[in-house]
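The values are calculated or read from the model by the stated rules, or taken from the named source; none is laboratory data. Keep in mind that this is a model prediction, so the values were computed, not measured. Ideal geometry is used to build each Cβ from the backbone, glycine not excepted, and the neighbour counts take in all protein chains shown.
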Amino acid sequence: MREPVHKAIRKVWRDGVFSEGARLIPEETPLALTYNGGTYAVMMGSPEDLGDFAVGFSLSEGIVQSVDDIETLDIVELDDGIELRMWLGPHKAARIAERRRNIAGPTGCGLCGLDSISEAVRPAAVVPAGRVFSPREIMAAVAAVAPLQEINHQTRAVHAAAFWTAARGIVALREDVGRHNALDKLAGALARDKIVASDGIVLLTSRVSVEMVQKTAAIGAPLIAAVSAPTALAVRMADAAGITLAAIARADGFEIFTHPERVTGAVPGKESAYVVVA
């Protein structure tokens, strides 16, 4: 299998002087997702945790509703890329035939190949109220990500998506050159390990776009915490999906854009351990 990190020999010009040396850089590989023998999508991504990516992509795209819907999954390395071959039951195969898109998506492309505006802005799943988090918990979750980003430590060029709970800390973390891919890999890892996401936080090292909210809603996590800002559409989608969106998370704090009732102290009177669902 291809290595996710490579050593590149390069010349450096700094302070008016040339020097030579090596730098570690991330690999970028075409990843073909096929179902029952037909190609659904071709994405560019990092060649690791590909089983998680295949499962997470299938779930977030709505191709399957459960990891158990995937009868077999084979990872096949080809000369010019990697094929993720999945076989589904007949009823799922019919659904794919209606939605199949033969595309070549750039790195981290989240909406490539969609053939309608309505599909691009499809409503996200509504997430139940769930747990309330303290500001300290959110800060601790955000701070826990960077030390675990092994590929980013080497390359400074990949995104991460992680899942945190108060009981376990970082439950899973996945990296990729594409931010959407990283989140799909995380979704797959959680699904394969049968982890319920209703009491945890999805952590992102990237900006929050609408498809990142859609994917988080599919995971079922009630709160997103990201180091960068959201788009306006992402804020509207998170609000409609019942997701608390905390962003621009720094060492000194963060900003809450939607559903502040899930953060202790953000709304007067909401100090209990859980929000009661009406």
Search result, residues across segment 11-35 that are in contact with a Lys or Arg (Cβ under 8 Å, 6 or more places away or on another chain) and either surrounded by fewer than 11 Cβ atoms within 10 Å (Cβ to Cβ) or not in a strand (DSSP E or B) (or both): PHE18, SER19, GLU20, GLY21, ALA22, GLU27
Scan the strands (runs of 3 or more DSSP E) fully inside segment 58-158 and keep the ones with 1 or more residues being modelled with pLDDT under 85 and not β-branched (Val, Ile, Thr). 104-107
Hey, could you check segment 253-278 for residues that are among the acidic types (Asp, Glu) and modelled with pLDDT of 95 or more and say which is surrounded by the fewest Cβ atoms within 10 Å (Cβ to Cβ)? GLU255
Residue that is surrounded by the most Cβ atoms within 10 Å (Cβ to Cβ), among those in segment 159-185 that are assigned to a helix (DSSP H, G or I) and of a type in the set (A, V, I, L, M): LEU183
I'm told GLY188 meets every condition in (1) outside any strand (DSSP E or B); (2) closer than 17 Å to ALA246 by Cα; (3) among the small types (Gly, Ala, Ser); (4) in contact with an Asp or Glu (Cβ under 9 Å, 6 or more places away or on another chain) except one. Can you identify the failing condition by its number? (2)
Please count how many residues of segment 198-221 are surrounded by fewer than 24 Cβ atoms within 10 Å (Cβ to Cβ), out of contact with any strand residue (DSSP E or B) (no Cβ under 6 Å at 6 or more places or on another chain) and polar (S, T, N, Q). 2
Evaluation of SER58 against (1) of a type in the set (S, T, N, Q); (2) surrounded by 15 or more Cβ atoms within 10 Å (Cβ to Cβ); (3) farther than 22 Å from ARG174 by Cα (one fails), failing number: (3)
Only one of (1) free of Cβ contacts under 8 Å to residues at least 24 places away in the same chain; (2) under 15 Å from the mean Cα position of the chain (by Cα); (3) surrounded by fewer than 19 Cβ atoms within 10 Å (Cβ to Cβ) does not apply to ILE224, and that is (3)
Does segment 207-216 contain at least one residue that is among the acidic types (Asp, Glu) and either assigned to a helix (DSSP H, G or I) or in contact (Cβ under 8 Å) with a residue 24 or more places away in the chain (or both)? yes
